[in-house]
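Written out below as structure tokens is the structure these notes cover.
Any read-out appearing in this document is the output of simple, stated calculations on the displayed coordinates, not a laboratory observation. Predicted model only: the values in this text are computed from it and were never measured. Methodologically, a virtual Cβ is constructed for each residue, glycine included, from the backbone with ideal geometry; neighbour enumeration extends over all protein chains shown.
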Amino acid sequence: MSLPALFKTLTLPAVASPMFIISNPEMVIAQCKAGIVGSFPALNARPQEALDDWLTQIEDALDAHNQVNPDSPAAPFAVNQIVHRSNDRLMADLEVCVKHEVPIVITSLGAVEAVNEAVHSYGGIVLHDVINNRYAKKAIEKGADGLIAVATGAGGHAGTLSPLALIGEIRSWFGGPLLLSGAISTGASILAAQAMGADLGYIGSAFIASQEANADAAYKQMIVDCSADDILYTDRFTGIHGNYLAPSLTAAGIDPKDILKEEKNNMDFAKANADNAQAWKHIWGSGQGIGTVERVEPVADIVARLKAEYSAARVRLLG
């Protein structure tokens, strides 16, 4: 298995996942400088015109870093595009990404050939997230370059399959870039993902507890205080199954035991700019891997810990 050349600047085989509201330019810049791919959803830049400014900010900061550190350049960055019929910003956001020649575009909730072709027009690559083998095959058929296998335990809109099953099925026919998402929050779990057949680990929830994250202080502390036992899997907030912190439901006046009685909402990204329409504004998402997160700290320190854990895991296996 070989990765495209743009991944050669990584100092840890990992990609930071794009998190709605939470991921911002400061976080992305810090992640890339630390040696992993940083990413953010295009929808986080609000209003839509701000996306151009965000990309300029990231590019300028990484260019400045590379000029000072020519022997240890920053990792590339990625932008997540929600390819869902309710996202009425998609084509405008895609146009901005093409203008800036964003090196990696992560597509979610739909695979569209025109999006892939637009990214390929300037030499960019497309990674598409999938929850099963059927969707994986469709994504590659429509022109995606790589896949993000979203297994059980992942934050956001998680799947239900074991990573052992999902990675095994995809690798039986696909030899391209493959990432694994699902409760990856330690360096050892990144190595485990590679042992299963993935090229890179895909990490989200651990970075909610970073100083750079655009998250409420109480949200960050809840990540530190909670564990896998505190995660609730439901489709009641967006219409698509995802993992959420049960204590955040309680704080919002919702009894987690009653959640299945609630009427299911439908995902509508056309309303993403209206704060009062965000189903997740006070209902906080998280993956199951947060039991290993012990403190709120800078992105650089989180990545340094992951690197140390990754190296130690390799030594244990080789020893």
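How many angstrom separate the Cα center of the stretch 280-318 from the Cα center of the stretch 35-106?
Value for the Cα centre distance between the two parts: 23 Å.
How much net charge surrounds residue 186 when only the other residues with a Cβ under 12 Å from the Cβ of residue 186 are counted, with Lys and Arg +1 and Asp and Glu -1?
Taking every other residue near residue 186 into account, the sum is 0.
Of the chain, which part is the longest with no trypsin sites (Lys or Arg not before Pro) in a loop (DSSP not H, G, I, E, B) and with at most 15 other C-beta atoms within 10 angstrom?
The reported range is 86-263.
Of the listed pairs 33/257; 33/220; 220/307; 99/307, which have alpha-carbon separations greater than 32 Å here?
Those over the limit are 33/257; 99/307.
Given Cβ point charges of +1 (Lys, Arg) and -1 (Asp, Glu) and nothing else, what value in debye, to the nearest 20, does the dipole of the chain about its Cα centre take?
Roughly 860 debye for the chain.
For residue 52 and residue 85, what is the calculated FRET efficiency with R₀ set at 25 Å and r taken between the beta-carbons, to the nearest 0.05?
The computed FRET efficiency comes out at 0.55.
Each label point is 7 Å from the Cα along the Cα-to-Cβ direction; what then is the distance between the points at residue 71 and residue 99, in nm?
Output for this residue pair reads 3.9 nm.
How much net charge surrounds residue 12 when only the other residues with a Cβ under 11 Å from the Cβ of residue 12 are counted, with Lys and Arg +1 and Asp and Glu -1?
+1
Under a straight-distance cross-link criterion of Cα-Cα below 20 Å, which aspartates and glutamates are reachable from residue 8, leaving out those fewer than 8 residues away in the same chain?
Answer for residue 8, where 20 Å is the Cα cut-off: 59, 63, 71, 101, 145, 199, listed by chain and number.
If we count every other residue with Cβ under 14 angstrom of residue 226's Cβ, Lys/Arg +1 and Asp/Glu -1, where does the sum land?
Here the charged neighbours net out to -2.
Hey, for a label at residue 120 modelled as a point 7 Å past Cα toward Cβ, could you say which residues of the stretch 94-113 have their backbone N under 14 Å away?
Backbone N within reach: 112-113.
Could you pull the Rg and Dmax for the chain, using just the Cα atoms, both in Å?
So, for the chain, Rg and Dmax equal 18.3, 57 Å respectively.
Provide 63, 129, 301, 230 in ascending order of the number of other Cβ atoms located within 10 Å of each residue's Cβ, fewest first.
Fewest to most other Cβ atoms nearby, the residues stand as 63, 301, 230, 129.
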